[in-house]
Amino acid sequence: GEERAELQRERGRWTVRANWDQAIAVHFTAEVKAGLAWEFRPVQETVLAQPGETLQAFYTIKNLSDQPITAKARHRDEPKELAAKYLEIIQCFCFIQQTLAPGAEMKLPLTFRVHWDATQQVKEFRVNYEFYPIDKFPTH
């Protein structure tokens with residue numbers, strides 16, 4: 001990410017002040033569904049996002065079974081109405097199915113952005129990813 005800071009003189013001393021007042025917390029969670037034998041978790045559970053900044057987060061998956069498994073993820077964002085308007089998922093592992101060999105692990109990237117004008121409306125988002133076996137992925 002990118003951080004903006006100001007150099008400010010206070011009481012004869014120079015200090016650096018970062019503007020995190022407008023940062024929005026994006027909380028990431030993970031679930032496996034329908035008996036999927038995978039371990040799935042966010043690498044970083046919370047990311048502070050400056051509005052307009054494009055950021056990347058990561059999840060990890062591991063196949064705990066002795067068989068290859070193909071699965072697909074979907075995400076649910078909260079608050080739903082505000083996330084639809086102000087949270088943009090640019091690139092995501094949930095757009096394609098994933099296949100893991102027995103015992104294999106993988107790091108999955110997610111690129112997102114909080115829109116510039118979101119700070120007046122929301123202070124945090126919750127993004128939950130659910131991984132399903134491909135044959136049990138919800139179609140609705």
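Give the lysines whose C-alpha is closer than 24 Å to that of Lys85, dropping any in the same chain fewer than 8 places away, or say none.
Qualifying lysines at Cα under 24 Å: Lys123.
Just the accessible area per residue of the chain, please: how many Å² with a 1.4 Å probe?
62
Got a sec? Charge dipole of the chain, +1 on Cβ for Lys and Arg, -1 for Asp and Glu; which of Gly35, Phe58, Val114 is way out at the positive end?
Positive-end residue among those listed: Val114.
Near Lys33, which lysines are there with a Cα under 27 Å away, not counting those fewer than 8 places off in the same chain?
Cross-link targets: Lys62, Lys72, Lys80, Lys107, Lys136.
Roughly speaking, what is the stretch gain from Glu105 to Glu45, that is 0.36 nm per residue apart minus the C-alpha to C-alpha distance, in nm to one decimal?
Residue separation times 0.36 nm, minus the Cα-Cα distance, leaves 19.7 nm.
Got a number for carbon plus sulfur as a percent of the chain's accessible area, 1.4 Å probe?
48
Using +1 on the beta carbon of Lys and Arg, -1 on that of Asp and Glu, and nothing else charged, what's the dipole of the chain about the Cα centre, debye to 20?
My answer is approximately 140 debye.
Local charge sum around Gly103 (other residues, Cβ-Cβ under 9 Å, Lys/Arg +1, Asp/Glu -1)?
-1
Which value at 222 nm does the chain reach when only helices count, each DSSP H run of 4 or more adding -39,500 (n - 2.57), with the total divided by all residues and rounded to the nearest 500 deg cm²/dmol?
Details: 1 runs with 7 residues, N = 140.
Rounded to the nearest 500, it is -1000 deg cm²/dmol.
Please report the net charge: other residues with Cβ closer than 15 Å to the Cβ of His140, K and R +1, D and E -1.
Once positives and negatives cancel, what remains is +4.
At a threshold of 8 angstrom on Cα-Cα distance, excluding pairs fewer than six apart, so keeping six or more, what relative contact order does the chain reach in percent?
Contact order relative to length: 32 percent.
With each pseudo-label sitting 7 Å past Cα toward Cβ, what's the Lys62-His27 distance in nm, one decimal?
The answer from the label model is 2.5 nm.
The values are calculated or read from the model by the stated rules, or taken from the named source; none is laboratory data. If you're wondering where the values come from, they're calculated on a predicted model, not measured in any experiment. Positions of Cβ are generated from backbone atoms using ideal geometry, with glycine treated the same way; all protein chains shown enter the neighbour counts. Each accessible area value is taken on the protein alone, full model and side chains, heavy atoms only, with ligands, DNA and RNA left out. Shrake-Rupley method; radii C 1.70, N 1.55, O 1.52, S 1.80 Å.
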